[in-house]
Structures are given as structure tokens and as C-alpha cells.
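The block underneath contains the structure these notes are about, expressed in C-alpha cells.
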Amino acid sequence: MIALVALLLATVRPPTAYADPGHVRLAVSSWCWGTHCGAPIAASGKPIVAKRGATIRVRFSVVPTSVRVAVSGKTLTVLRSGPVVSWRARRMGGMTINVTFARGFVVYVGRLVVRS
């Protein structure tokens, strides 16, 4: 019975996403997964800190079908390889990552600090 409850909970939560450097878990702003939706409006937690020009990588627990990344409101060009998207750290600020998966969508948020 406990295993069934755990399985059901795992199927109604959005996939997790972590950013490197620092293995920072991104906060979820809103999501729909299967027939369930939510908008937890959680704080973004600790920032991703990187040197200017360093590669930022975000790894999703499920392979996305589409990804759009914006930092400080500017949409960035990203590279995609399976469950990972990456780009060079050139600007800092609030980060929004809109992701579509086969079962739904998730909007992840975080903060990117770029140091010289």
C-alpha cells in the first residue's frame, strides 16, 4: 500500500531540475502534469553562481520536448542534449525556464549571479 501511494505521488509531481555549477535545485513556479496542475510560488532558493563565460547546465529528470530560457527577461539561445540544456553565462538576473514535456509543462525559476 505504501509503495502504491509513493507511486501515485511521483506521477502527479512535476519533474525536478538542477542547475550547475553548484547543483542548485530550481524552484517550480507553475506546472501541469497529466491531469494535475499547481502554482506553488516558491522562493527560488540559493542562486547559481558562475564566472562570466562559464557554461550553465540545467538537467531535467525527464527529457523535455521544448525549452525556452530567459535571463533578466532576455530569451537566450541554448543547446539541448537529452535531458540537459546549456548556455554561456553572459548576463545575470532572474532566470525563467519554460519547459514542455510529453506529459505537461513546468515553469522553473532561479537566480543567476555572474562574476568577472
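Taking all pairs of different Cα atoms in region 48-109, averaging 1/r and flipping that mean, what Kirkwood radius in angstroms comes out?
Working: mean 1/r = 0.0836 Å⁻¹.
By the Kirkwood definition, the hydrodynamic radius is 12.0 Å.
Over region 42-116, what percent of the accessible surface lies on carbon and sulfur atoms, probe 1.4 Å?
Heavy-atom surface of region 42-116 belonging to carbon and sulfur, 1.4 Å probe: 54 percent.
Give the residue list of trypsin sites (Lys or Arg not before Pro) in region 25-116 that are DSSP loop and have at most 12 other beta-carbon atoms within 10 angstrom.
In loop regions of region 25-116 (DSSP not H, G, I, E or B), the sparsely surrounded trypsin sites (Lys or Arg not before Pro) are ARG52.
Add +1 for every Lys or Arg and -1 for every Asp or Glu among the other residues with Cβ under 15 Å from the Cβ of GLY34, and state the total.
Values: positive: ARG13, ARG103; negative: none.
Result for the neighbourhood of GLY34: +2.
How much length would be gained if the chain were fully extended between VAL113 and SER72, taking 0.36 nm per residue of separation minus their Cα-Cα distance, in nm to one decimal?
Result: 13.7 nm gained on full extension.
I want the antiparallel fraction of DSSP beta bridges within the chain, as a percent rounded to 5.
Numbers: 41 of 45 bridges.
Counting DSSP beta bridges with both partners in the chain, the antiparallel share is about 90 percent.
Any idea what log10 I(q)/I(0) is at q = 0.10, 0.16, 0.18, 0.20 Å⁻¹ for the chain, Debye with uniform C-alpha scatterers and no solvent?
With one equal scatterer per Cα and no solvent, log10 I(q)/I(0) is -0.30, -0.71, -0.88, -1.06.
Send over a whole-number figure in Å² for the accessible area per residue of region 12-109, probe 1.4 Å.
Values: 5190 Å² over 98 residues.
Averaged over the residues of region 12-109, the accessible area is 53 Å².
The values are calculated or read from the model by the stated rules, or taken from the named source; none is laboratory data. Quick caveat, the model's predicted, so the values are computed rather than measured. Virtual Cβ from ideal backbone geometry, glycine too; neighbours counted across all protein chains shown. We work out accessible area using only protein heavy atoms, side chains counted, and drop any ligands, DNA or RNA first. Shrake-Rupley method; radii C 1.70, N 1.55, O 1.52, S 1.80 Å.
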